Amino acid sequence: MTIYTHTFSTPTGLFSVAVNDGGALVATAFGDMSILRTRIKANATLVENSRRTAEVRRQVRDYFKGKLRQFDLLLAPTGTPFQHAVWSALQRIPFGRTVSYGDLAKTIKRPSAARAVGRANGTNPICLIVPCHRVIGADGALTGFAFGEKTKLDLLKHEGALPRSKHTPRGA
């Protein structure tokens, strides 16, 4: 299997994307190819190809320019049925909004599964497009992000969704 990749600059730093032969997005990462490679679950040959990833790049750039609030891309993440349920629920969190892990657990009809939802959120292979950055702690704390709290903070600021909390970092 061949996976086509490309890394490009965004206001939050480098962003890497990977699509399959059908053009479906399989993984994204804030950072370079070494980070993206760890998020691709398939045993695949990675080939740099900016043409095959052009639509993803266009939509990500439009997002950062404030022209796009919801991505319209074919997605093909690899995961369990539970993870897919969580990732699907993440896609329904509107631009500019945040929810808690408990809220997300209720959304998928598993109200006592907030910790499992947190793990599924943390293993989301398609960050930004599947907006795991919009999930925060019940107390408003940012509660971590695979690519660092600063990146999560920058994304929430961009969306006007910064939670008001004593846990928000200084200078936010």
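Here are a few things to note about the model shown:
- With the simple spin-label model, which puts each label point 7 Å out from Cα in the Cβ direction, the residue 62 to residue 115 separation comes to 4.2 nm.
- Qualifying trypsin sites (Lys or Arg not before Pro) in the range 48-78, where qualification requires a DSSP coil assignment and no more than 15 other C-beta atoms within 10 Å, comprise 51, 67, 69.
- Whole-Å distance, taken between Cα centres, linking the range 113-134 and the range 63-79: 15
- Model label sites at residue 72 and residue 42, defined 7 Å from Cα along the beta-carbon direction, differ in position by 2.5 nm.
- Top of 24, 44, 146 by mean-square fluctuation, Gaussian network on the chain, Cα under 10 Å: 44
- FRET efficiency for residue 54 and residue 138, using Cβ-Cβ distance with R0 set to 45 Å, rounded to 0.05: 0.70
- Debye log10 I(q)/I(0) at q = 0.13, 0.20, 0.23 Å⁻¹ for the range 81-158, Cα point scatterers: -0.32, -0.78, -1.06
- Within the chain: Cβ-based charge dipole about Cα centre, in debye rounded to nearest 20 (Lys, Arg +1; Asp, Glu -1): 400
- Kirkwood Rh, Cα atoms: Rg over Rh of the range 2-65: 0.94
- Paired Rg and Dmax values of the range 10-155, which use every Cα atom, in angstrom: 14.8, 44
- Panel values: the range 47-108, Kirkwood radius from alpha carbon pairs, Stokes-Einstein at 37 °C and 0.692 mPa s, translational diffusion coefficient 239 µm²/s.
- When you filter the trypsin sites (Lys or Arg not before Pro) in the range 93-148 for DSSP loop state and at most 14 other Cβ atoms inside 10 Å of their Cβ, you are left with 97, 109.
- Taking 133, 158, 84, 6 and counting other C-beta atoms within 10 Å, the order from fewest to most: 84, 158, 6, 133
Every read-out reported here was derived from the displayed coordinates using simple, explicitly stated rules and does not represent laboratory data. Note that the coordinates shown come from a computational prediction; the quantities given were computed from them, not determined experimentally. Glycine also receives a Cβ, built like all others from the backbone with ideal geometry; neighbour counts cover every protein chain displayed.
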